[in-house]
Amino acid sequence: MRILLVQPTTKYPNRKPLRSKTRWLLGITLPYLAGLTPKGIQVDVADDRLAPIPYHRDYDLVGITCTCATAERAYEIAAEFRQRGRQVVMGGFNVALHPEEALEHCDAVVVGEAESVWAEVIEDARVKRLKPRYQASEFHDLAGLPRPRLELMDYRNYRVKIVPTQTSRGCPYHCAFCEVPIVYGHTYRRRPLGDVIEEIKANVRITGLKNIYFIDDNLTGHRDYAKELFQALMPLGLKWSCLWTINTARDEDLLDLAKKSGCNHVNIGIENVCPESIFSIDKVQNPVAEYEWLLGRLRQKGIFYSLNFMFGLDGDHKELFAETLAFLQRVKAPMAFFNVATPRRGTPMWDQLNQEGRVHNPDAEKYLGMVCNFFPKHMTPDECEAGVWDCFQKFYSFPSIFRRLLMPPTGYIFQGLPSNLFFHWSASRKIDPVDFY
């Protein structure tokens, strides 16, 4: 039996699918599904961004992972394979949120986590009796997860040579805009620490790389677990990156352990500098009045960071774009990402906006965060989109880069300057830098 696992690329309305010679990072989904596949089955992988899809090959099953941002392209790929008589199954966050929509484009869907149903999907495909829907009866306890088959991936296709690793699923917080709590049933589960460390050691042996990133939505959601993890990483001599929340910086002991264990970069969903807007999305873990102090702690510890912002929230006025840039200059933030708030169907934010009749372009939830699919309270959708691009272009302008990283020189120069220059190139052409991830 031979199966193909496909990662679609992004596609914007009336434009061709986005192509590039490289991606920024290797994702975990394809190698993990390959690791989950029973032995004896040939597994091929295809990244639609990097190379043409092998439609001509004879596969018993084609599995397509589907995010909200890649849904349109995923449906096109599924249609082409089905036209050629191939069986197609789809999974991923978009499918978990919209299974009935996805079923219009494929033979079967996996809703939610795949561990307890993937072998059944493959066996049913073997005898050509796929059921329309596969869904686990309960969430996995994350013990004994298979190792992602990174050996199937060509690291020459990725700019940053780094190994994806997972320690937990879900998040202890319930932000109104976020689909993570919806998909994971408001659970926050952690893998056995020994499993994580053994997987990391195996991946280091296989890839020869000692640079890893944790794909967890919130690595420090359980502080004691995070501290144990960092202590276990210390003897391994690794560099690592992750996502965590701004309030993590309150715990000085945790920051010290993170730095000693090889913390190389943290990405933080700071979202907004307006307290009213933070309140409107139930982001209780983000104390706006303490942002500068908490980010100063990261600088003091020598921890490189990037910040995520979203605009169009209920407290946002047009002046907020300039206020955000001024804040970033004050703290000399080394990196930042700017987005239009994009509520997904099924989230509390979507439900509220929809009930208020403010969603004007429902399909725009499938785009990356540069399209405003609702009416903000204090600006037009066009003004919101223009403000986001203005932030990108001004933050990554040469004068801004110089002030933030070089005047005077900071400890972030060597790590931050290459990415800042690349994002300058991208923003000046109105290409969302996230597209390259």
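The values are calculated or read from the model by the stated rules, or taken from the named source; none is laboratory data. Model, not experiment: these values are computed from the prediction. Note that each Cβ is placed from the backbone with ideal geometry, even for glycine, and that neighbours are counted across all protein chains shown.
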Condition check for Ser419: within 30 Å of Gln300 (Cα to Cα), free of Cβ contacts under 8 Å to residues at least 60 places away in the same chain and either in contact with a Phe, Trp or Tyr (Cβ under 6 Å, 6 or more places away or on another chain) or polar (S, T, N, Q) (or both): no
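Does Val121 fit the bill of being free of Cβ contacts under 8 Å to residues at least 40 places away in the same chain, outside any loop (DSSP other than H, G, I, E, B) and assigned by TED's automatic domain parsing to the domain that holds Val6?
For Val121, the condition - free of Cβ contacts under 8 Å to residues at least 40 places away in the same chain, outside any loop (DSSP other than H, G, I, E, B) and assigned by TED's automatic domain parsing to the domain that holds Val6 - is not met.
Quick check on my filter: what residues within region 416-437 are touching a Gly at 6+ places or on another chain (Cβ under 9 Å) and under 11 Å from Phe392 (Cα atoms)?
If the condition is that a residue be touching a Gly at 6+ places or on another chain (Cβ under 9 Å) and under 11 Å from Phe392 (Cα atoms), then Asp432 is the only one that fits.
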Residue check for Arg297: among the charged types (D, E, K, R), more than 23 Å from Ala71 (Cα to Cα) and surrounded by fewer than 19 Cβ atoms within 10 Å (Cβ to Cβ): yes
Selected residue (only one of Val434, Val371, Val388 is β-branched (Val, Ile, Thr) and either in the same structural domain as Gly92 (by TED's automatic domain parsing) or part of a loop (DSSP other than H, G, I, E, B) (or both)): Val371
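Criterion first (small (Gly, Ala, Ser), out of contact with any strand residue (DSSP E or B) (no Cβ under 7 Å at 6 or more places or on another chain) and in the same structural domain as Asn420 (by TED's automatic domain parsing)) does Gly357 satisfy it?
So Gly357 fits the description; yes.
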Test: residue in region 232-241 that is of a type in the set (Lys, Arg) and free of Cβ contacts under 8 Å to residues at least 40 places away in the same chain: yes
Verdict on Ile162 being closer than 30 Å to Asp435 by Cβ, outside the structural domain of Ile28 (by TED's automatic domain parsing), hydrophobic (A, V, I, L, M, F, W, C) and touching a Gly at 6+ places or on another chain (Cβ under 6 Å): no
Selection from region 84-105 of residues that are part of a loop (DSSP other than H, G, I, E, B) and among the small types (Gly, Ala, Ser): Gly85, Gly92
Criterion violated by Gly262 - all others in (1) farther than 24 Å from Thr410 by Cα; (2) outside the structural domain of Glu365 (by TED's automatic domain parsing) satisfied: (1)
Among the residues listed as Leu26, Leu33, the single one being within 24 Å of Val183 (Cβ to Cβ) and part of a loop (DSSP other than H, G, I, E, B): Leu26
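One line per residue, one yes/no per condition, for (1) in contact (Cβ under 8 Å) with a residue 40 or more places away in the chain; (2) assigned to a helix (DSSP H, G or I); (3) touching a Gly at 6+ places or on another chain (Cβ under 6 Å):
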residue: Phe279; (1), (2), (3): no, yes, no
residue: Lys283; (1), (2), (3): yes, no, no
residue: Tyr291; (1), (2), (3): yes, yes, no
residue: Leu298; (1), (2), (3): yes, yes, no
residue: Ser306; (1), (2), (3): yes, no, no
residue: Leu313; (1), (2), (3): yes, no, no
residue: Ala322; (1), (2), (3): no, yes, no
Output for region 342-356, where each listed residue is in a loop (DSSP other than H, G, I, E, B) and either modelled with pLDDT of 95 or more or of a type in the set (Phe, Trp, Tyr) (or both): Glu356
Matching residues, region 360-380, being without any contact (Cβ under 8 Å) to a residue 40 or more places away in the chain and crowded, with 18+ Cβ neighbours inside 10 Å: Ala364, Val371, Asn373
Residues satisfying the stated conditions in region 19-43, i.e. buried (at least 16 other Cβ atoms within 10 Å of the Cβ) and not β-branched (Val, Ile, Thr): Arg23, Trp24, Leu25, Leu26, Gly27, Leu30, Pro31, Tyr32, Leu33, Ala34, Gly35, Leu36
